[in-house]
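First comes the structure, then the notes that go with it.
The values are calculated or read from the model by the stated rules, or taken from the named source; none is laboratory data. It should be emphasised that the depicted structure is a prediction, and the values quoted were computed from it without experimental measurement. Neighbour counts are summed over all protein chains in view; Cβ atoms, including those assigned to glycine, are modelled from backbone coordinates with ideal geometry. Note: areas computed on protein heavy atoms with side chains; ligands, DNA, RNA excluded. Shrake-Rupley method; radii C 1.70, N 1.55, O 1.52, S 1.80 Å.
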Amino acid sequence: MLHRRPLVKTLLESRPENVLVVSGLGSSTWDVTAAGEDARDFRFIGAMGQAGPFALGLAMAQPKKRVVLFTGDGELLMGLGVLATIANQSPSNLVIVVLDNESYVETGSQPSATAGPTDLEAVARGCGIVTTGTITKISEVNLLRDMVYDAPGPVFMNVKVIAETLPLVFPESFDGVTAVNRFRNAAIA
Amino acid sequence: MTTSEQIDWRQDIFDVLREQDISLVAHVPDAAHTSLIKMCETQNDIDVVTLTTEEEGVGLLCGAWAGDRKGVLLMQSSGVGNCINALALPNICRIPFLTIVSMRGEWGEFIPWQVPMGQATPKVFEAMNVRVFRADYKQEVGATVDAAANFSFNTRQSSAVLLSQKMIGAKQFKEG
């Protein structure tokens, strides 16, 4: 099991210029924000379940950019069907990183389905995503980085992280128009 | 004079999509949209995305617009309810969102299960700040879709075109 916040920061420190990041509600957004403000990040603060579809649309619109989605088990579980949609479109520039803490930490640490028998990597494979992995140890971070930045997509990586209550690190603004305007300018540059 | 029988309103929608530079067509299939979907699939520069649920189309099109690509969501009225919370995304970010909805449960419907969402469709859209356009006659379909697309992409707001069941014809379902 890994600590999510330093993991996301470590990954983003070696981020190539052409990488766009999408983060799902909610802990993933705080993790990405804690790594530092960057115009190439679009962070969901609502519309739970929509981060995956958004990342797919972005990847299809910007085939020369690489789109990396950071989201949680809870956010992905809300719309697992998107994995089938992604597999069928098969965008080579899309990477999904699930920070799987097996729980809904912000609402009182209720267990999610992945605390039980549900295996998100198996779901992704069953939906037809061929390049998948599950990361459970800190010694696998270099492998994870290679998959995130270099492997042909679509890539699905499930990362087992510790269910820990961390400070909520908020974006500079909660205003959606401000956020999408800034991101769009960077994304199409 | 062109009679209503001669009007191919699906071709008219297709022509508007091309004029509007819409190149991403997301859908959960409905018999009323079949020939339009087929037309789009023949185009090398249009991607047709079959969704597992309509709400995926909201996020998909918003992400595409953030990457400078325009799209449309095709669905039937029963799918509108699936989109409600997702519509917060284009609403709060002022992302242009356009959908074309084939109506069920309002005219000549014979499946009662289609009625609740069909009747609720305009109210649900209005509740989520989606401007509702409606086409009741074949002659007005192209112009209505064009007006909705202009509204959405020029003013960065959400709009829906409702294709009335009276116009589509209830028999379309049986044929499809």
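List of remarks:
- Considering only residues in region A:167-187 that are in contact with a strand residue (DSSP E or B) (Cβ under 6 Å, 6 or more places away or on another chain) and of a type in the set (A, V, I, L, M, F, W, C), the one that is surrounded by the fewest Cβ atoms within 10 Å (Cβ to Cβ) turns out to be A:187.
- Residues of region B:70-121 that turn out to be in a helix (DSSP H, G or I) and within 14 Å of chain A (Cβ to nearest Cβ), as a count: 12
- The selection criterion, being over 13 Å from the mean Cα position of the chain (by Cα), small (Gly, Ala, Ser) and crowded, with 24+ Cβ neighbours inside 10 Å, holds for residue B:66.
- Qualifying residue in region B:60-69 (condition: more than 12 Å from every other protein chain (Cβ to nearest Cβ) and within 16 Å of residue A:82 (Cβ to Cβ)): no
- Taken together, the criteria place residue A:102 among residues that are on the phi > 0 side of the Ramachandran plot and within 16 Å of the chain's Cα centre (by Cα).
- Selected residue (only one of B:98, B:163, B:89 is crowded, with 21+ Cβ neighbours inside 10 Å and either without any contact (Cβ under 8 Å) to a residue 60 or more places away in the chain or on the phi > 0 side of the Ramachandran plot (or both)): B:89
- Here is the figure for region A:26-76: residues that are away from chain B (no Cβ under 12 Å), part of a helix (DSSP H, G or I) and touching a residue at least 40 places away in the same chain (Cβ under 8 Å) total 9.
- Condition check for residue A:119: open to solvent by less than 10 Å² (accessible area, probe 1.4 Å) and either more than 27 Å from residue A:16 (Cβ to Cβ) or not small (Gly, Ala, Ser) (or both): no
- Only residues that are at pLDDT 80 or above and open to solvent by less than 50 Å² (accessible area, probe 1.4 Å) were counted across region B:1-11, and they come to 3.
- Some residue of region A:145-162 being open to solvent by 50 Å² or more (accessible area, probe 1.4 Å) and within 14 Å of another protein chain (Cβ to nearest Cβ): no
- Every residue from region A:138-162 that is touching a Pro at 6+ places or on another chain (Cβ under 9 Å) and either assigned to a helix (DSSP H, G or I) or small (Gly, Ala, Ser) (or both): A:149, A:153
- Taking (1) more than 11 Å from every other protein chain (Cβ to nearest Cβ); (2) surrounded by fewer than 21 Cβ atoms within 10 Å (Cβ to Cβ); (3) aliphatic (A, V, I, L, M) in turn, residue A:84 satisfies each apart from (1).
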